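Novice: Below are the C-alpha cells for one structure; questions will follow.
The values are calculated or read from the model by the stated rules, or taken from the named source; none is laboratory data. If you're wondering where the values come from, they're calculated on a predicted model, not measured in any experiment. Neighbour counts are summed over all protein chains in view; Cβ atoms, including those assigned to glycine, are modelled from backbone coordinates with ideal geometry. For accessibility, only protein heavy atoms count, side chains too; no ligands or nucleic acids. Shrake-Rupley method; radii C 1.70, N 1.55, O 1.52, S 1.80 Å.
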Amino acid sequence: MQTVILASSSRQRKQLMETLNLPLKLMVPNLEEKSIRDPDPKKRAEKIARAKAESIAANPDDVIIAADTYVVHEGKILEKPVSLGEAKQMLRALSGNRAVTYTGFCYLDRKNGIDFSTTTETAFVFRKLAEEEIAAYVAKFPATSWSAAFSPAYPYGLGLVTWVEGSLTSFTHGLPMELVITYLQKSGFKIAPK
C-alpha cells in the first residue's frame, strides 16, 4: 500500500491528515521559502507548495502532499512575524479589516500519474481588536510561528474573525481538505474517519 507523506512540520496539518486513518508519514522539506518569488501571491503560494513537495526525496510509489499558507492584506504578504513587535503590528493592521489567505497546494502521486497543484483563496474579516487584547494574544500564543501572527485552528484565534468565505480548512489549518480527499480518492485510497 502507498504511504502518504505530508511535507510539513505543521501540527495543524498533521492533525487534519490523521483524521483520515491512512498510512501517514511526516517529512520536513529542506527549502528556503523566501527565495521563491512571484509578483502574483497566488502563483507564489503554488510555487512554494510544489517546491516543498518536490524537495522530498521519497519512494516513487509514495504520495506527497505539500502546502504553504500566508495572508495578504492591502497588497502586502503577511508571513510569519520575526518578533512579537511585528506580530502586534500585523494584528493591528488586520483589526477591523478584510484580508485574504492563500494556500498553495501540491499533490504528487507518480505511481498513478497524478501531478496537481493550485492555490485556494479564502477571504476573511477581523473584528476590531483593542490594544490590550493584541498584547495579551501575542504574550499567550506562539504568534511568531503563524502567518499574519494568528491561527484560526485554535478557538481564540477563530474568535478574532467575524466573516469567512472560501476554503475553510485552508483558512483554519493551512490545508484544503476538499482537494486532499478528492486526490487521495483518485489515487485509490478509501477515506474513512479514524
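Novice: Please go through the range 140-188 and pick out each residue that is open to solvent by less than 40 Å² (accessible area, probe 1.4 Å) and assigned to a loop (DSSP other than H, G, I, E, B). It would help to see each step written out before you state the result.
Specialist: Residues of the range 140-188 that are open to solvent by less than 40 Å² (accessible area, probe 1.4 Å), as a first pass: 143, 146-153, 157, 159-161, 167, 169-177, 179-180, 183-184, 187.
Hits for the range 140-188 are Trp146, Phe150, Ser151, Pro152, Ala153, Gly159, Leu160, Ser167, Gly174, Leu175, Pro176, Ser187.
Novice: For Lys80, all conditions in the list (1) within 25 Å of Gly188 (Cα to Cα); (2) under 14 Å from the mean Cα position of the chain (by Cα); (3) in a loop (DSSP other than H, G, I, E, B) hold save one; what is the number of the exception?
Specialist: (1)
Novice: Among the residues that make up the range 52-69, is at least one of them of a type in the set (Ser, Thr, Tyr) and either in contact (Cβ under 8 Å) with a residue 60 or more places away in the chain or within 15 Å of Trp146 (Cα to Cα) (or both)?
Specialist: So the first thing to find is which residues in the range 52-69 are of a type in the set (Ser, Thr, Tyr), and the list is 55, 69.
Checking which are either in contact (Cβ under 8 Å) with a residue 60 or more places away in the chain or within 15 Å of Trp146 (Cα to Cα) (or both) leaves us with 69.
Among the residues of the range 52-69, at least one is of a type in the set (Ser, Thr, Tyr) and either in contact (Cβ under 8 Å) with a residue 60 or more places away in the chain or within 15 Å of Trp146 (Cα to Cα) (or both), which makes the answer yes.
Novice: Also: So, in the range 145-165, how many residues would count as being in contact (Cβ under 8 Å) with a residue 40 or more places away in the chain, under 21 Å from Thr19 (Cβ atoms) and not hydrophobic (A, V, I, L, M, F, W, C)?
Specialist: Residues meeting the conditions: 1.
For every residue, the table says whether it meets (1) modelled with pLDDT under 90; (2) assigned to a strand (DSSP E or B); (3) in contact with a strand residue (DSSP E or B) (Cβ under 7 Å, 6 or more places away or on another chain); (4) open to solvent by 30 Å² or more (accessible area, probe 1.4 Å).
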| site | (1), (2), (3), (4) |
| --- | --- |
| Arg13 | no, no, yes, no |
| Asn30 | yes, no, no, yes |
| Ile48 | no, no, yes, no |
| Ala53 | no, no, yes, no |
| Ile64 | no, yes, yes, no |
| Thr69 | no, yes, yes, yes |
| Val72 | no, yes, yes, no |
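Let's see how each residue does on (1) under 16 Å from Ile5 (Cα atoms); (2) open to solvent by 30 Å² or more (accessible area, probe 1.4 Å):
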position: Arg44; (1), (2): no, no
position: Lys76; (1), (2): no, yes
position: Met90; (1), (2): no, no
position: Val100; (1), (2): no, no
position: Phe105; (1), (2): yes, no
